[in-house]
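Structure first, then comments.
The values are calculated or read from the model by the stated rules, or taken from the named source; none is laboratory data. If you're wondering where the values come from, they're calculated on a predicted model, not measured in any experiment. Quick reminder, even Gly has a Cβ in these numbers, built from the backbone with ideal geometry, and neighbours come from all protein chains shown. Please note that ligands, DNA and RNA were not included when accessible areas were found on the heavy atoms of the full protein model with its side chains. Shrake-Rupley method; radii C 1.70, N 1.55, O 1.52, S 1.80 Å.
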Amino acid sequence: MALVNATGSWTGAAYHSTANFNAGGKGELDLAKRDRQVLRELAALVAAEAALPVQQEKRELWRRHNDLEATRPVVLCDPENGWNEIVTSSGLACAGPLARRWEMVLRKELFWSREMKDDKVVEPFFEIGVTRTEDDWGLQARQHGGEGGAYVWEPALRDESGLDRLHPPSFEVDEETTAATVALARETFGDLLEIRRAGVWWWSLGLTLDLSLWRGLEGIMMDMIERPQVIHRLMGILRDGTLQKLDRLQEQSLLGLNSEQYVGSGGFGYTSQLPSGVPREPVRTQQMWGFCESQETVGVSPAMFGEFIFPYQLPLLERFGLNCYGCCEPLDVRWPVVRQAPNLRRVSVSSWADVKKMAANLEDRYVFSWKPSPAPLASPQLDERTVRAALRATLGAARGCRLEIIMKDNHTLGGNPRNATRWVEIAREEIERAAG
């Protein structure tokens with residue numbers, strides 16, 4: 001099994017949290033004198049931004065928003081892959097691979113605070129993820145292509161004969177490398193930013209990404225008609241294995257609180273209903289935000305989703321104190337099923353969803369997590385007319401809802417970082433206009 005980072009980061013990865021990338025292995029645990037100097041200078045600047053009164057105002061805004069109090073719409077712009085056009089590789093001053101990853105995180109925090117000026121909170125801490133091996137279920141799909149672009153894969157499970165090779169996910173934690181990385185960060189700039197060990201182990205617990213890698217998208221849909229017992233068996237394996245993983249993480253004190261982090265497919269988790277900060281006791285899933293989605297099954301009917309997918313996600317969602325549901329899949333057609341999720345708080349309203357129907361479904365009882373289309377930001381010149389039209393339509397339809405506006409899923413900013421900052425400005429202008 002390959003050594004990987006358990007966490008994601010604000011580096012343009014498709015799935016992420018606020019945690020930083022850890023070292024990829026012991027060989028990276030070395031920082032040159034010049035790299036340390038650069039990181040210390042940036043950490044000092046981030047600490048100064050984190051100390052500004054506006055950061056507490058933003059925390060309180062998110063807290064009230066997630067507690068379902070009436071607030072103005074919350075705005076977040078995470079350009080994802082577009083970050084590579086904002087903080088370019090040539091613009092990084094560090095030389096070492098670990099130093100460059102940490103530098104990227106620090107520079108993005110500064111950009112968020114000084115240039116983006118959305119509602120992202122700049123915190124006075126720096127998180128280090130756990131170094132571990134990937135989950136191994138006993139099957140591995142072969143991927144062709146990728147490297148940040150399109151790819152295809154060969155399903156790992158061609159027929160039922162491979163079912164016996166499946167087993168609960170196994171992984172190994174490299175405590176030595178993790179502890180050494182935390183120590184290195186503290187030695188480098190721990191006097192400027194609090195260094196925390198982050199317990200981030202998943203982006204989504206939706207199960208169907210693994211299902212699609214095992215059987216293929218066409219295979220899933222054919223199985224639902226011709227071999228329904230196969231899908232039920234596979235989803236049962238995924239459910240039970242993931243529950244066992246959650247048990248192991250909890251029993252071995254490997255979980256971390258996520259109420260100060262990016263949760264679900266958009267938005268931050270600040271809330272009075274879950275604990276925050278550095279835990280004094282082992283974290284339980286009931287103290288965390290959970291998240292499920294099923295983008296891979298967008299082509300199946302709501303009835304099939306309700307039969308083959310959601311019942312297997314339900315026991316996972318029951319483990320968490322608050323839950324998010326959905327990403328790019330339109331939930332207006334699945335809402336009668338999804339609304340059964342326990343402790344449901346944040347619901348994704350994607351670019352493909354019927355906004356008016358979702359506003360009627362969610363009202364002021366859930367967070368309306370709207371994801372406007374990133375397409376207008378993908379050209380060198382921002383299409384402001386299209387941006388404003390979409391904002392006005394949703395602000396009008398979602399009046400009275402607990403609305404957050406999340407710009408994400410950007411593969412490019414058309415080579416123009418100004419597209420991101422201008423989008424935030426327009427969003428704020430339209431929010432003020434809608435408020436009268």
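Couple of notes before you dig in:
- Per-peptide average of other Cβ atoms within 10 Å, ordering 283-291, 421-429 highest first: 283-291, 421-429
- Distant-in-sequence amide contacts of Ala198, defined by a placed amide H-H separation under 5 Å and a gap of 5 or more residues or a different chain, comprise Ile128, Gly129, Val130.
- Farthest towards the positive end of the charge dipole of the stretch 39-166, among the residues Ser89, Leu42, Asn66, is the Cα of Leu42, using unit charges on the Cβ of Lys, Arg, Asp and Glu.
- DSSP bridge pairs, the chain: antiparallel proportion in percent, nearest 5: 30 percent
- Carbon plus sulfur fraction of accessible area for the stretch 191-283, probe 1.4 Å, in percent: 48 percent
- Each stretch of four or more DSSP H residues adds -39500 (n - 2.57); spread over every residue of the chain, this sum gives -11500 deg cm²/dmol at 222 nm.
- Percent RCO, i.e. relative contact order, over the stretch 345-436, from Cα pairs under 8 Å lying at least 6 residues apart: 33 percent
- Cβ-derived FRET efficiency at R0 35 Å, Ala48 paired with Glu429, nearest 0.05: 0.80
- Cβ-placed point charges (K, R +1; D, E -1), dipole of the stretch 222-266 about Cα centre in debye, nearest 20: 120 debye
- Pairs with C-alpha atoms separated by more than 22 Å, drawn from the list Lys33/Lys120; Lys117/Lys371; Lys58/Lys108; Lys120/Lys245; Lys58/Lys357, are Lys33/Lys120; Lys120/Lys245; Lys58/Lys357.
- Span from the the stretch 73-115 Cα centroid across to the the stretch 139-168 one, whole angstrom: 32 Å
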